[in-house]
Amino acid sequence: MLALLATFYQLYLQRIHNEKSLKPLGQIVLEDQRKTLAVHLRNNGLGPLIIDKLSCSKNGVFHADLEECLALAPKSYLFAPTNDSVTRVVLPNSSLTIFETRFDEYEDNAAIEHARKQLAPITLKVQFRDIYDNRTTLERDFQWFLRYANK
């Protein structure tokens, strides 16, 4: 009887270990270098990160899409739609591009500063889960883009 109880306890411990081993670790990464501005959702964990919902807010007002928060030319940037029509999965050690824009060498710094000011008041919220259906929420504001702004 004791051996049977020990076996079930060992099975329980193995299940917990498996859940922790395959846990995704999401991180919202902001990039501002070499005439490129970008926002990526990175998975630093060992399990797949299954995105349930992407949402953004600007000055406390929630928007259905990131495009509604920006006053930039729509064809000047790449963005991931935040609608729920497609389930997105970010594999371990990879990332999903939420927003990205590249500026040509001939463009002046005013265009880059304008894009930074458009991004700064936005907050991104990501609701995701792992393969065991453990749900997690990740949130980050984009104020970092104004770190070099003239005060």
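Sorted from largest to smallest, which semi-axis lengths in Å does the alpha carbon gyration tensor of segment 52-118 give for its equivalent ellipsoid, taking the root of 5 times each eigenvalue?
24, 17, 10
Hey, rough spin-label estimate for Asp104 and Lys117, points 7 angstrom out along Cα→Cβ, what's it come to in nanometres?
For the pair Asp104/Lys117, the computed spacing is 2.3 nm.
Could you work out the relative contact order of segment 1-113? I mean the mean sequence separation of Cα pairs under 8 Å and 6+ apart, divided by the number of residues, in percent.
Relative contact order for segment 1-113 comes out at 28 percent.
Quick check: convex hull of the Cα atoms in segment 1-84, volume per residue, rounded to a whole Å³?
Cα convex hull per residue, to the nearest whole number: 146 Å³.
Could you tell me how many degrees, from 0 to 90 and to the nearest 10, lie between the Cα long axis of helix 2-21 and the main elongation axis, the longest principal axis, of the Cα atoms of the chain?
Between helix and principal axis, roughly 10 degrees.
For the chain, which whole-number percentage of the solvent-accessible area (1.4 Å probe, protein heavy atoms only) is attributable to carbon and sulfur atoms?
Roughly 54 percent of what the probe reaches on the chain is carbon or sulfur.
Would you mind putting 25-38, 121-134 in packing order, based on average other-beta-carbon counts within 10 Å, highest first?
Packing proxy ranking, top to bottom: 121-134, 25-38.
With every protein chain left in place, what is the accessible area per residue of segment 96-143 in square angstrom, probe 1.4 Å?
The answer is 57 Å² per residue.
What Rg and what Dmax come out for segment 1-43 when only alpha-carbon atoms are used, in angstroms?
Taking only Cα atoms of segment 1-43, I get Rg and Dmax of 21.0, 68 Å.
For labels at Phe62 and Asp141 in the simple 7 Å Cα→Cβ model, what's the distance in nm?
1.8 nm
Around Leu25, which amide H atoms from residues at least 5 apart in sequence, or from another chain, sit under 5 Å from its own amide H, with H modelled in the peptide plane?
For Leu25, the qualifying residues are Asn44, Gly45, Leu46, Gly47.
Over all directions, average the projected area of the Cα convex hull of the chain and note it in nm².
Value for the chain: 11.8 nm².
At a Förster radius of 25 Å, what calculated FRET efficiency corresponds to the Cβ-Cβ distance of Leu13 and Asn44, to the nearest 0.05?
With a Förster radius of 25 Å, E is 0.50.
With the other protein chains left in place, how much accessible area per residue, in square angstrom, belongs to segment 16-65 at a 1.4 angstrom probe?
50 Å²
Let me have the 222 nm mean residue ellipticity of the chain computed from DSSP H runs of 4+ only, each contributing -39500 (n - 2.57), with the sum over all residues rounded to the nearest 500.
Taking each H run of at least 4 residues, the total per residue is -7000 deg cm²/dmol.
The values are calculated or read from the model by the stated rules, or taken from the named source; none is laboratory data. The structure displayed is predicted, hence computed values, not measured ones. Here the Cβ is made from the backbone with ideal geometry for all residues, glycine too, and neighbour counts use every protein chain on show. Surface accessibility is based on the protein's heavy atoms, side chains included, excluding ligands, DNA and RNA. Shrake-Rupley method; radii C 1.70, N 1.55, O 1.52, S 1.80 Å.
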